[in-house]
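Novice: Take this structure first; my questions come after.
Each value in this text was obtained by applying a stated rule to the coordinates, not by laboratory testing. The model shown is predicted, which means the values in this text are computed figures rather than measured ones. Cβ atoms come from the backbone with ideal geometry, glycine included; neighbour counts cover every protein chain shown.
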Amino acid sequence: MPSCKASQAGRGVEMKHCIGVLVLLATGSLTTNPALAAEASARFTVAVAVPSRVTLTTLEQPALLTLSDEDVRRGYKDVTARYAVSHNDPRGYLLRLSPRVGVTRHVEVRGFAAQVYLRDEDIEVRPQSVARKSDLALEFRFVLEADAQPGTYALPVHVTATPL
C-alpha cells in the first residue's frame, strides 16, 4: 500500500503523490473490507401540531363612554369601533361580547351578518369571514337605562376573540 511520510511533504512531486494517497484513503478506494462500503437507510415520520391562535387588536374604540345631556334625552349613544383580527384556524374564530353592568339596558351591535342584542350575559358570534387577517368594524348602540345621568363611564361592552 502506498505511504506518505512527513519527510516527503516538502518536495513537490512527492507531495502530489501524498495527496493522491490521502484522497484514495478518504474515499475508501483502498479498503478491502466490504462492510465499510455498505449503505444504510432509515425512514421516520415527523408530526407537528400547531395550536389554534387568534389575536384581536383594537384599532379604534373609545376608552370611556361619555354621555351628554342630549344622549340621555335621546335614550342612546352610538359608538363605532374597529379591530384587526388575525388567526391561523381555517374554521375561523369566535368573537365574545361581554356586557358591563351599569348605564345601559342593552347594547345593539351592528357589523355582523345579523344585528346582535347584548343584554346581561356574554354572547359569542362566529364572523362570516374566515380570512386569516381581517379588519372588523362594529357599531354599538348603547341603549341607556331610564335613570342614566350625563357623565363618563367605562365602555359598556368588552370585546375578545377566541379560537374555535
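Novice: Output needed for the stretch 31-164: three equivalent-ellipsoid semi-axes, defined as square roots of 5 times the C-alpha gyration tensor eigenvalues, in descending order, whole Å.
Specialist: Details: eigenvalues 587, 33, 28 Å².
Listed largest to smallest, the semi-axes of the stretch 31-164 are 54, 13, 12 Å.
Novice: Once phi is turned into ³J(HN,Hα) by the Karplus curve 6.51 cos²θ - 1.76 cosθ + 1.60 with θ = phi - 60°, what whole-Hz value does each residue of the stretch 121-132 show in order, with x for glycine and proline?
Specialist: Couplings: 10, 4, 10, 10, 10, 9, x, 5, 6, 10, 4, 5 Hz.
Novice: Please turn the phi angles of the stretch 49-64 into ³J(HN,Hα) values with the Karplus equation 6.51 cos²θ - 1.76 cosθ + 1.60 (θ = phi - 60°), one per residue in order, whole Hz, x for glycine and proline.
Specialist: 10, 9, x, 5, 8, 9, 10, 10, 10, 6, 9, 8, 5, x, 6, 9
Novice: Taking H as built 1.01 Å from N, whose amide H comes closer than 5 Å to the amide H of TYR76, not counting residues under 5 places away?
Specialist: So TYR76 has HN proximity to LEU144.
Novice: Are there any chymotrypsin sites (Phe, Trp or Tyr not before Pro) in the stretch 31-103 that are in a DSSP loop and have at most 16 other Cβ atoms within 10 Å? List them by number. Please report the intermediate quantities before stating the final value.
Specialist: Working: sites: PHE44, TYR76, TYR83, TYR93; in loops: PHE44.
Within the stretch 31-103, the qualifying chymotrypsin sites (Phe, Trp or Tyr not before Pro) (loop, at most 16 other Cβ atoms within 10 Å) are PHE44.
Novice: Oh, and also: So which trypsin sites (Lys or Arg not before Pro) in the stretch 44-96 end up in coil per DSSP with only 14 or fewer other C-beta atoms within 10 Å? Kindly include the intermediate steps, with their values, before the conclusion.
Specialist: Working: sites: ARG53, ARG73, ARG74, LYS77, ARG82, ARG91, ARG96; in loops: ARG53, ARG91.
Of the trypsin sites (Lys or Arg not before Pro), the ones in loops of the stretch 44-96 whose Cβ has at most 14 other Cβ atoms within 10 Å are ARG53, ARG91.
Novice: For ASP147, ASP89, what's the fewest-to-most ordering of other Cβ within 10 Å of each Cβ?
Specialist: The most exposed by this proxy come first: ASP147, ASP89.
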